[in-house]
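J.: So that we are looking at the same thing, I have put the structure below in structure tokens.
The values are calculated or read from the model by the stated rules, or taken from the named source; none is laboratory data. In this text, all values refer to a predicted model and were calculated from it rather than measured experimentally. Here the Cβ is made from the backbone with ideal geometry for all residues, glycine too, and neighbour counts use every protein chain on show.
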Amino acid sequence: MSGLQHFGWFLARGFGPHGWGHPYLDWNYRWTGPRLYQESARALEQAGFDLLIIEDAPSLGSADTIDLRVRHAFGGPKHDPLMLAPYLFDATEHLGVVPTVNPAAYLPYTAARQFASLQHLSGDRLGLNVVTDTGSARHFGTAPPLGHDAAYDRAEEWLGGIRSLWRSWDEGALVRDIDSGRYADGTRMRQTARRGEYFSFDGPLNAIPFEEGEPVIVSPGGSGRGLGFAGANSDVQLALAPLDEASIRAYRAAVHDAARARGRAETDVSVLFAIQPTLVSSPEEADRLVAASRTPDDETLRTIARRQSSDLETDLTSLDLDAPLPRGIFAEHVSHGSIRRLVGDHDPSTPLRTVLAAHARLGRLSDGSGFVGTAAELADRIEQLGDWDNDGVLLWGDLHPVTVHRMLDDLVPILRRRGVLRDSYAGGGLRANLRSF
Ligand SMILES: Cc1cc2nc3c(=O)[nH]c(=O)nc-3n(C[C@H](O)[C@H](O)[C@H](O)COP(=O)(O)O)c2cc1C
């Protein structure tokens, strides 16, 4: 069996103020310009990565908690990743670029046209990370927001509509016969007419057919309905990496079951597990870092509180660290899953300090308790994921060259030597690379 795995980079916190809050901000890179990202995209391509996924959320969330989102630039501002993609394609030759898109933000005809154009312009390297965040509904004239499952229903209808438009051209419709002077045969174009629950529109689409297949569809939703979406539609499913073999295998089996349930083969969906490692230069340094994380200082706890406040749109920063987290502080729209992730197994009388300290706690790559370690230890862990039949890994971070080089410089040569990371591309774009092993 091939030991190769697919590698991606997840540009977390999106196309926003990178470096904010870090010393490397003083490098004076402009996050609003393309050069920072182009430089890092080239580094990822040289390293043999298949794809770069760019996080996004089109909204700053609920109107009365905007300050929590922008105060430390955790939730915004940000630009639209779809607009960054052409600059990254222009700077690279093989790397797939996957902006995050929300079906609420684009009418299917507009989306089909823009994505088709980018697929052609990029040499078949476009992917789309389809998310169903409903908090942005008020910006798009679709308030009140849809419920969780209905947003997935809308996403399926949207994608189905886009695909029907991409398939507007029947076999033989594109003639391109210089002798007869005939470019196309309009009688062979499909008269798409969609009348759906969420979208109604007519085709056909005025873009030519794809040569190497449609843009790659990526999805990150892990609920039952999210996995149903992935099973029916996705080429790549993302998940945060659990630490143990049983969880990895169970997640993969759930994705494969979902694919089969929707009439597809399990090999049609690759699963990439996202990892955010902290790489250090020696096992001793890793041990020191992990030991220190057991007793976080107040400043560390406050930083965690700020990030959680942004993510949960709830102000935790002014709460007493030594009192329990007040029940009922969260507004109705805050995701229950996110609250559960914050609180963990702690009972309601637990002081906030203890709840937050659990989020500061680090573990070692070497014993499977976490993600701190040396590049060699990370390579061991990735190789182990391969032994558990994993398809690939998504490394998680910003795209500042400091972050990218810290992650790749020692890791890439080790993975290459072990035959885990490709040393050449298949050619033919993102889909071809994903299907090449
Ligand atoms: C690796 C990963 C990346 C994600 N990226 C985004 C993103 O860019 N934008 C977004 O709105 N949600 C993102 N999500 C969240 C999911 O889209 C989804 O909202 C969340 O998992 C809840 O959906 P679910 O109930 O189906 O799990 C991401 C999740 C994961 C695990």
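J.: Just one of LEU408, LEU399, LEU395 is under 30 Å from GLY76 (Cα atoms) and assigned to a strand (DSSP E or B); which is it?
T.: After ruling out the rest, the residue left standing is LEU395.
J.: Quickly run through region 190-227 and pick out the residues that are small (Gly, Ala, Ser) and either away from the ligand (no atom under 16 Å from the Cβ) or not in a loop (DSSP other than H, G, I, E, B) (or both).
T.: The answer is ALA193, GLY196, SER200, GLY203, ALA207, GLY213, SER219, GLY224, GLY226.
J.: With the structure loaded, tell me whether GLY127 is at pLDDT below 95 and not in a helix (DSSP H, G or I) or whether it fails that test.
T.: no
J.: Still on this structure, please answer the following. Name the residue, out of LEU11, LEU44, that is of a type in the set (A, V, I, L, M), crowded, with 21+ Cβ neighbours inside 10 Å, within 15 Å of the ligand (Cβ to nearest atom) and assigned by TED's automatic domain parsing to the domain that holds ARG417.
T.: None of the others qualify; the one that does is LEU11.
J.: May I ask you to verify whether ALA230 is more than 16 Å from the ligand (Cβ to nearest atom) and part of a helix (DSSP H, G or I)?
T.: The answer is no for ALA230.
J.: Considering (1) surrounded by 16 or more Cβ atoms within 10 Å (Cβ to Cβ); (2) more than 23 Å from the chain's Cα centre (by Cα); (3) hydroxyl-bearing (Ser, Thr, Tyr); (4) over 24 Å from HIS148 (Cβ atoms), say which one SER270 fails and leave the rest.
T.: Unmet for SER270, out of (1) surrounded by 16 or more Cβ atoms within 10 Å (Cβ to Cβ); (2) more than 23 Å from the chain's Cα centre (by Cα); (3) hydroxyl-bearing (Ser, Thr, Tyr); (4) over 24 Å from HIS148 (Cβ atoms): (2).
J.: So the check is Cβ under 6 Å with 6+ separation or different chains; which pairs have a first residue in region 139-156 that's assigned to a helix (DSSP H, G or I) and a second one that's within 13 Å of the ligand (Cβ to nearest atom) and among the charged types (D, E, K, R)?
T.: ASP149/ARG225; TYR152/ARG225
J.: Collect the residues in region 326-362 that are in a loop (DSSP other than H, G, I, E, B) and either within 16 Å of the ligand (Cβ to nearest atom) or closer than 30 Å to ALA286 by Cβ (or both), keeping them in residue-number order.
T.: Hits for region 326-362 are HIS333, VAL334, SER335, GLY344, ASP345, HIS346, THR350, ARG361, LEU362.
J.: Exactly one condition in (1) over 23 Å from THR403 (Cβ atoms); (2) within 16 Å of the ligand (Cβ to nearest atom) is not met by GLN276; state its number.
T.: Looking at each condition in turn, GLN276 falls short on (1).
J.: Anything in region 14-41 that is crowded, with 21+ Cβ neighbours inside 10 Å and either among the charged types (D, E, K, R) or touching a strand residue (DSSP E or B) at 6+ places or on another chain (Cβ under 7 Å) (or both)? List them, or say none.
T.: Matches in region 14-41: GLY14, PHE15, ALA41.
J.: Something else about it: Test of understanding: among VAL404, VAL420, VAL412, VAL393, which residue is crowded, with 19+ Cβ neighbours inside 10 Å, under 17 Å from THR92 (Cα atoms) and either touching a Gly at 6+ places or on another chain (Cβ under 9 Å) or assigned by TED's automatic domain parsing to the domain that holds LEU240 (or both)?
T.: So the residue among VAL404, VAL420, VAL412, VAL393 that is crowded, with 19+ Cβ neighbours inside 10 Å, under 17 Å from THR92 (Cα atoms) and either touching a Gly at 6+ places or on another chain (Cβ under 9 Å) or assigned by TED's automatic domain parsing to the domain that holds LEU240 (or both) is VAL404.
J.: Scan ALA150, ALA184, ALA104 and give me the residue that is surrounded by fewer than 17 Cβ atoms within 10 Å (Cβ to Cβ), in the same structural domain as ILE54 (by TED's automatic domain parsing), among the aliphatic types (A, V, I, L, M) and within 16 Å of the ligand (Cβ to nearest atom).
T.: Exactly one of ALA150, ALA184, ALA104 is surrounded by fewer than 17 Cβ atoms within 10 Å (Cβ to Cβ), in the same structural domain as ILE54 (by TED's automatic domain parsing), among the aliphatic types (A, V, I, L, M) and within 16 Å of the ligand (Cβ to nearest atom), namely ALA150.
J.: Residues to consider are LEU325, LEU312; find the one that is touching a strand residue (DSSP E or B) at 6+ places or on another chain (Cβ under 9 Å) and over 25 Å from LEU385 (Cβ atoms).
T.: Only one candidate passes the filter, namely LEU325.
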